[in-house]
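One structure is given here, and the rest of the page talks about it.
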Amino acid sequence: MDQLLPQAMRIAALLKARKQTIAVAESSAGGLLAATLLAVPGASAYFLGGAVVYTKQARSLLMGIGDAQMQGLRSSSEPYAMLLARTSRARFAATWGLAETGASGPSGNSYGDAAGHTCVAVSGPFEKVVTLETGSADRVANMRAFTEAALALMEDALAA
């Protein structure tokens with residue numbers, strides 16, 4: 001996490017200065033995104049909450065996203081990542097929603113995505129979604145890379 005803290009500190013400073021808030025939804029990062037943002041002292045000023053949305057049950061119970069909203073969508077895709085970002089923003093009444101969904105490894109997921117695949121999305125005054133392919137089967141390294149990608153996207157959004 002030490003490698004990720006400089007990004008989180010820059011994001012925290014901007015959010016606090018602007019009096020803005022963030023909520024997260026993540027899957028294959030396994031909570032590392034939330035933990036990194038919460039590791040910054042004073043996180044209660046900007047971090048409203050988050051969810052590890054790792055299963056269909058978690059998606060339904062934690063995010064309130066049912067089968068009807070998933071019609072035509074699949075997990076680990078850009079449209080689903082944006083749905084998670086928008087939903088986390090709305091459910092927490094946050095300025096920003098930040099989401100990640102993918103396959104950390106060592107194998108791919110049931111949708112045909114290889115290990116190292118993730119989609120990250122940010123929703124707020126600026127919206128964007130990107131896909132990252134690390135090409136690695138290293139689960140821990142991918143979780144770190146996915147978190148870094150989400151933080152980088154958040155920094156880009158705050159600079160827009």
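Inspect region 28-37 for any residue being among the β-branched types (Val, Ile, Thr), over 13 Å from residue 148 (Cα atoms) and touching a helix residue (DSSP H, G or I) at 6+ places or on another chain (Cβ under 9 Å) and give the result as yes or no.
Here is the first cut: in region 28-37, the residues among the β-branched types (Val, Ile, Thr) are 36.
From what's left, over 13 Å from residue 148 (Cα atoms): none.
The answer is no; no qualifying residue exists.
Among the residues of region 65-81, are any touching a strand residue (DSSP E or B) at 6+ places or on another chain (Cβ under 9 Å) and open to solvent by 30 Å² or more (accessible area, probe 1.4 Å)?
So the first thing to find is which residues in region 65-81 are touching a strand residue (DSSP E or B) at 6+ places or on another chain (Cβ under 9 Å), and the list is 75-81.
Subset that is open to solvent by 30 Å² or more (accessible area, probe 1.4 Å): 78-79.
Yes, that holds for at least one residue.
Looking at region 131-158 only, could you name the residues that are under 18 Å from residue 23 (Cα atoms) and either open to solvent by 10 Å² or more (accessible area, probe 1.4 Å) or acidic (Asp, Glu) (or both)? So that I can check it myself, show each step before the final result.
Taking region 131-158 first, the residues under 18 Å from residue 23 (Cα atoms) are 146-158.
Result: 148, 149, 152, 155, 156.
Within region 92-108, is there a residue that is out of contact with any strand residue (DSSP E or B) (no Cβ under 9 Å at 6 or more places or on another chain) and surrounded by 15 or more Cβ atoms within 10 Å (Cβ to Cβ)? Don't jump to the end; show me each part of the working.
As a first pass, look at region 92-108 and keep what is out of contact with any strand residue (DSSP E or B) (no Cβ under 9 Å at 6 or more places or on another chain): 105-107.
Going one step further and asking which of them are surrounded by 15 or more Cβ atoms within 10 Å (Cβ to Cβ), we end up with 105.
Scanning region 92-108, I find at least one residue that is out of contact with any strand residue (DSSP E or B) (no Cβ under 9 Å at 6 or more places or on another chain) and surrounded by 15 or more Cβ atoms within 10 Å (Cβ to Cβ), so the answer is yes.
One residue is enough: does region 117-128 have a residue meeting the conditions in a strand (DSSP E or B), open to solvent by 10 Å² or more (accessible area, probe 1.4 Å) and under 19 Å from residue 7 (Cβ atoms)?
yes
With 23, 29, 39, 43 as the choices, which residue is aliphatic (A, V, I, L, M), open to solvent by 20 Å² or more (accessible area, probe 1.4 Å) and closer than 22 Å to residue 3 by Cα? Explain how you work it out, then say what you get.
On the way: 23 fails: open to solvent by 20 Å² or more (accessible area, probe 1.4 Å); 29 fails: open to solvent by 20 Å² or more (accessible area, probe 1.4 Å); 43 fails: open to solvent by 20 Å² or more (accessible area, probe 1.4 Å).
The unique qualifying residue is 39.
Just one of (1) buried (at least 16 other Cβ atoms within 10 Å of the Cβ); (2) over 14 Å from residue 97 (Cα atoms); (3) small (Gly, Ala, Ser) trips up residue 34, so point out which.
(2)
Between residues in region 74-93 that are in contact (Cβ under 8 Å) with a residue 60 or more places away in the chain and residues that are part of a helix (DSSP H, G or I) and surrounded by fewer than 22 Cβ atoms within 10 Å (Cβ to Cβ), which pairs lie under 6 Å by C-beta distance while being six or more apart or on different chains?
Short answer, once both residue conditions are applied: 87/63.
The values are calculated or read from the model by the stated rules, or taken from the named source; none is laboratory data. Here the structure is a predicted model, which is why all the values come from computation and not from measurement. Positions of Cβ are backbone-derived with ideal geometry, glycine not excepted, and every protein chain shown enters the neighbour counts. The area values use the complete protein model at the heavy-atom level, side chains included, leaving out ligands, DNA and RNA. Shrake-Rupley method; radii C 1.70, N 1.55, O 1.52, S 1.80 Å.
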